[in-house]
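Below you'll find the structure, written out as structure tokens, and then a few comments.
What follows is calculated from the coordinates using simple rules that are stated; it is not laboratory data. Bear in mind that the values here come from a model prediction, so they are computed numbers and not experimental data. We place every Cβ from the backbone using ideal geometry, glycine too, and count neighbours over all the protein chains shown.
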Amino acid sequence: VSEKVTESSAALVLFNNDNDLCNLGDQTGWVCIDTVMDSGAADTVAPVEMLDWLPLEESEGSRRGQSWQSACGEVIPNMGQKKVHGFTEEGTTMENVYQTGEISKALGSVSRTCDKGSRVVFEADGGYIQNLTSGECTRFGRESNIYVLKTWVQRPVGSKSSTFHRRG
């Protein structure tokens, strides 16, 4: 367990028992975001309904009418952004801004990650993001041949469970 996780005893429990992470999330108010590390994604994006308790803010892209094109050619308008503060599975504090749209899963843009001063390394069993200034590494796993970064975000007390359900 990383010493960086100090804000919540629930976070310490979450990061101590890999087998029960999802079950504990329901009991403690913690929600796991699975972000697919995607070398072809132009932006770090997420479904607009993900983490529905977070405010949806206008972004530069949504203001200027930005859209993306899906692999099958569908045009997807940028609906704004959500700022996410949470912890990686190692307990490292993580902040990310997700542009939002009508998409099915969160995608982490490898190019945007590299533009922010990190390198992304893919290996047979997963990979890592290394901050080029500090040298700090954040690991991500490989699930069914897809590289997935897990981030834990705590839902505010009294807020309802997110209506987002992972699709296909």
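For segment 25-117, trypsin sites (Lys or Arg not before Pro) are listed when DSSP marks them as loop and at most 14 other Cβ atoms sit within 10 Å of their Cβ; the list is Arg64, Lys116.
In this structure, the amide hydrogen of Asp52, modeled 1.01 Å from its nitrogen in the peptide plane, lies closer than 5 angstrom to those of Thr163, Phe164, counting only residues at least 5 positions away or on a different chain. Distances between placed amide hydrogens fall under 5 Å for Glu136 paired with Asn131, all partners being 5 or more residues away or on another chain.
Rounded to the nearest Hz, the phi-derived 3J(HN,Hα) couplings of segment 41-53 under the Karplus curve 6.51 cos²θ - 1.76 cosθ + 1.60 (θ = phi - 60°) are 7, 6, 9, 7, 10, 8, x, 4, 7, 5, 6, 4, 7, where x marks glycine and proline.
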